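To start, the structure itself, in C-alpha cells.
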Amino acid sequence: MIDNQTISARHIESEVYIEEYYHNNVLKESLKQLEYYSILEQIAKFAYSDLGKDIILKILPKNDIHWLSKEHNLIEEMINLHYKDHIPSLDGLSDISQQIYRSMIENAVLNATDILNVLDTIKSFRYIRNFFRDKESQFENLFHLTSELYENRILEKHLKVVSNKYVYSYEVSIYLHLKRLRDFEHDDLRRYYEAIDDNGEIRDTATRELQRIRVDIRTKSAKLRDRLQKILKRVNEEELSRDDFYSIREGRFVLPIKVENKRALPGIIHGVSQTGSTVFVEPSEIIEMNNDLSLLHNEEQREIYNILSNLTNEIGKEANSLLYSLNIMGHLDSIVAKAKYAIEYGGIKPKITNEDSIVLRKIKHPILVHTKGKKNVIPLTIEFNSNKRGHLISGPNAGGKTVALKSVGLNILMAISGIFPLGECETNFRLVFTSIGDQQSIENDLSTFSSQVLRLKLILDNCNKDSLILADEIGSGTDPQEGGALASSIIDTFLNIKLFFIATTHQSSLKTYALNRPEIENDSLEFDSDKLKPTYNFLNGTPGNSYAFVLAKNIGIPNNIINRAKKYLGNKHSELENSIAILQKYKNEAEKNSLKLAEEKNKFEKLRQEYDKKLSEIKLKKNEIIGKAKLEAQQVVSSANSLIEKTIKEVKEAKKPIAEVKNEFNNQKINIEKEAQKVSITNKTTEKLKTLKQGDNVSLMDSNSVGTVIEANDKQETALVDFNGFKVRISYNELKLTKVDKLIKSATEYIQFDVKQRIDVRGMRADETIKELDEFMQNAIMNSLSMITIVHGKGTGVLREAIHKYLKTIDQVKSFRIGNLTEGGAGVTIVELN
C-alpha cells in the first residue's frame, strides 16, 4: 500500500506539463503565433484514451534535461518496440478518475457500469505491467515506467464476484490471509461468484440472498400470471374487457376493463387510457400477490445496493494507488502517441545539452509536413553558437522566410517539450519569443508598426540570455530608414544580452548592417530568377534580393514605370542588389561544386576500401590458383615421365614396331603439351616504361593489381588508369607494363568489384522474389559479402514472411533481422552472411 504523501510526490514528479516557464502571456502568445498547439492536436490523434489526449494537449516546454532525456528515451524505445510489431494494447483503459473520486466519498455507491469500467482499467494495469516485465533488458525505461502499476488480482476477482456462505476451501483461506477481511469469521466463510455480467447487470448468483429473492420473484410472478390468465378468460367471456391481455401499472399487474364495466370487477383502479374508454383495474383477488411481489422487488433493490456499496468501498480503499497508476497509464498512452507521430512524420530523437548552441539539420515545418507529406517539404539547416548568435533572412515575398522562421521555432519547442522534432536537433533549453504576423488593432488604436514595436518591447522586458527571438519583418510598417535604424538598435540589444535570434527583412540597410557584424549571418531563401518563382531552398551566408522590380514586371507593370522607379532608388541600392545577386550566384556554384566534391570524395573512399578488400581476396584466390596450377604441372611432368618410361620399355621388349611406338609417343606428347599450356603460371612480364598507349595493361610497382590505361601523356609521363572502375592519374615511374596471362584472367574474371549489396523486390510476387533473390544471394556469397539488404516494403507482411522462410534454408546465412529506423525500418531485412 502506497501512502498518500508518496503518491502526491510521485504524481507531481510525473507531471509533464508544469507551467514552470511558459506562464506569462508573452510566451503563450508566442506559442499561438507559431501554431504550436496544432502540433499537439495532431499528436493527440494518435492517443488511445482521453487520459493520453489530455496530457498531450497540455504539453509545454520544460527546463529539465533529466526529464527530457528520459522522455526521449521512452519514445525511442516505443519506436523500436513498434518496429518489432510489439506495441502493447491499451484495451480497457479509460479515464475512471471520477469514479475513483466518488468511491472515496462516504456512503457513495457506484453503479454496475462504473464498476465494470474500473475493473477493465485495473486489468489493463496488470496487462501492461506484465507485458514489460519480460522486456526489462531490451526496454529498460519502459519497464521502469510501468513497474509501479497497480496489480491486485484479488481486487479484480472481488469486483467480479461478491460473498456468499459456502464450505471452507483453500482458496478462501488464502484470500482471508492476504486481505484480512474484517467481516469474515471462521463460522461465516464465503465463496465468490461473478457479480456483474458484461451488460452491467447484477447476476442472480451475486449472493445467495439475491438468488433466493429472484427465485421467489420468478415463482410469484408465474403464479400471478396464471391467476391473471384465469381472471382474464372470465372477464373476456363476460365481455368486460376490451383486450385479451394484462398490463403492468406502477409495478402492479392490472387488467384493461371497459370504462362502463369498471365496477363489474372488484379491485383497485390504477389509471385510465388516453381515450378514457379503458380503465386499468387490479383485481382484488391478486392484490395480496402483487403486494408480495412488490416487497420482493424492494428486497432485490436493497440487496443490489448492498452489493454495489461493498464493491465501491473496496475501490475506495485502493483509490490513491489506482489514481497513481492511472497517471502512469496516461503517460504511457502519450508516449505511444508521440512514437506513432514520429514514425508517421519522420521525427528524429533530439539531443538536449547545456551548451550555448543550437544546431538544426534538415528540419521541416511540422504543419506543412502534416498537410503536404514528408517528401513535399524542403528542409533547412541552421546553426547558432557563441560566435554566430543571429541570422538575418532576406528574400522576396512569399519566398518562405516566415515558414523558415516557424520551422526553427517549432522544432526547438518540440525538442524541449519531449517530442521528436522533424529533423536533427541539438539544443539547450530556450524561451522562444516571437513577433510574427500583423498585430494591428482598431480597438486599441494600434497600427501595424505600433503593434510590432509594442510586441518587441514586451519581448525585451521578458527575455534573457536563454531566449530565442524570432522577429518577422523587423522594423517594417514605417519609414524604411527609421525602421531600419530602430531594427538595428534592437538587434544590438539582442547581441548585448547574448541571446539567439532570427529576423526577416526586406530592408537593404539591415543587410548591410548584418554584413558588418560577425555575430550575424546573412541568409536568404533562393529565388529562381529565370522561372520567377521561389525554390524555398535555405541559403546560409548569402543575403537575398527582394526582386520587387522583377515581380512587378512579371505581373505586367510597364517598363517605363519600373525604369523610373530604379532611378528614384539610386545607384547604391542597385549596386547592392546586383552584388547580392552575383554573390548568391557564386555561392550557389561553390556549394554545388563542394557538394559534388564531397560526393566524389565519399565515392573515392568507398571504392578505395572496396578495392583494398577485393585486392586481398584476389591475392588469396590467386595463391590458390597458382597452387592448383603447380599441382597440375606436377601431374603433367609425372605423365611425361610415365610416357617416356613406357616407350623405352616397349622399345626394349620389342612388343610393337618402332614406327608404331613412335607414332603413339608423338600423339601422347601433343596431348601432354596441351595440358602443360593450360597450367602455365606465368602471369606477367615487366619492362621499364618510356611510352604508353590507350588499352595497355599496367600495374603499380608495389602491387599485382592490373589496370587499363584510359589516356597517356608521354611528355609529362603520366597516365589515367582504370583499376576496376577506380580511375586515378599516376606517374610512369610508379607503373610497370603487364602482360596478363589468360589463366590469371580467367581466375579473376568472376570477382566483381561492383557487386550489389542491396536488392529491391517491392511489388514482386513471392515466387518471382525467391527466384530473383536466389541469384542475388549466390552472387553475394561468391563475392564474400558479409552483409546485404533486402528491400521488400511493409505491406501486409506476406512478402517479408516468404523471404524470411527462404533465408532460413540458406546455410551461408548467419542471421537476419528487420532494419532499424535509419536503415528503413520494417520495410527492409538486414542479412549477415558467414
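Solvent-accessible surface (1.4 Å probe) assigned to I416 amounts to roughly 0 Å². Between the amide H of H391 and those of F501, I502, A503, E521, distances stay under 5 Å, these residues lying 5 or more places away or on another chain, with hydrogens modeled in the peptide plane.
Computed over protein heavy atoms with a 1.4 Å probe, the accessible surface of the stretch 19-96 works out to 45 Å² per residue.
In order along the stretch 306-323, the phi-based Karplus estimate (6.51 cos²θ - 1.76 cosθ + 1.60, θ = phi - 60°) of 3J(HN,Hα) comes to 5, 4, 5, 5, 4, 5, 4, 4, 4, 5, x, 5, 9, 4, 4, 5, 5, 5 Hz; Gly and Pro are listed as x. Summing charges over neighbours of F816, with a neighbour being any other residue whose Cβ is under 13 Å away from its Cβ, gives +2 when K and R count +1 and D and E count -1. A simple rule links phi to the HN-Hα coupling: the Karplus curve 6.51 cos²θ - 1.76 cosθ + 1.60 with θ = phi - 60°, which for the stretch 34-40 gives 7, 6, 4, 5, 5, 5, 4 Hz, with x for Gly and Pro. Here the gap between N291 and D612, fully extended at 0.36 nm per residue and compared with their Cα-Cα distance, gives a gain of 105.4 nm.
The listed residues V798, V359 rank as V798, V359 when sorted by accessible area, largest first, using a 1.4 Å probe.
By a 1.4 Å probe calculation restricted to protein chains, E288 has an accessible surface near 120 Å², given to the nearest 10.
Cβ-Cβ distance of D226 and I268, R₀ of 30 Å, FRET efficiency by 1/(1 + (r/R0)^6): the value works out to about 0.90. In this calculation the C-beta distance from N107 to R153 is compared with R0 = 45 Å, giving a FRET efficiency of 0.95. The simple spin-label model puts a point 7 Å past each Cα toward its Cβ; for H144 and S357 those points are separated by 2.8 nm. Label-to-label distance, S386 versus K45, with points set 7 angstrom from Cα along the beta-carbon direction: 4.4 nm. With a threshold of 24 Å on the Cα-Cα distance, the over-threshold entries among K45/K135; K364/K511; K457/K498; K84/K808 are K45/K135; K364/K511. Accessible area ranking (1.4 Å probe, heavy atoms, ligands and nucleic acids excluded), largest first, for Y36, Y536: Y536, Y36. Measuring between alpha carbons in the structure, the pairs from K715/K736; K340/K372; K70/K465; K338/K794; K406/K465; K58/K340 lying more than 24 angstrom apart are K70/K465. With R₀ fixed at 51 Å, the C-beta to C-beta distance from I248 to K317 puts the FRET efficiency at about 0.80. When the stretch 308-368 is described by a simple charge dipole with +1 on each Lys and Arg Cβ and -1 on each Asp and Glu Cβ, the residue from L323, S309, S357 located farthest towards its positive end is S357. Summing Lys and Arg as +1 and Asp and Glu as -1 over all other residues whose Cβ lies under 13 Å from the Cβ of I759 gives a net charge of -1.
The slack in the chain from K592 to H86, taken as 0.36 nm per residue of separation less the alpha-carbon distance, amounts to 177.8 nm. Residue ranking by accessible heavy-atom surface, 1.4 Å probe, largest first, among H144, H804 comes out as H144, H804. Heavy-atom accessible surface of E775, to the nearest 10 Å², is about 130 Å², with a 1.4 Å probe and all protein chains retained. A 1.4 Å probe run over the stretch 226-314, with the rest of the protein chains in place, finds 57 Å² accessible per residue.
Extending 7 Å from the Cα toward the beta-carbon at both L57 and K603 defines two label points whose distance is 5.4 nm.
Checking every one of the trypsin sites (Lys or Arg not before Pro) in the stretch 465-519 against DSSP loop status and a limit of 16 other Cβ atoms within 10 Å picks out K465, K498.
Full extension of the chain between K233 and R765 gives 184.0 nm of extra length, using 0.36 nm per residue less the Cα-Cα distance.
The values are calculated or read from the model by the stated rules, or taken from the named source; none is laboratory data. Bear in mind that the values here come from a model prediction, so they are computed numbers and not experimental data. Neighbour counts run over all protein chains shown; Cβ positions are idealised from the backbone, glycine included. When the accessible area is computed, the model is the full protein with side chains, heavy atoms only, and any ligands, DNA or RNA have been set aside. Shrake-Rupley method; radii C 1.70, N 1.55, O 1.52, S 1.80 Å.
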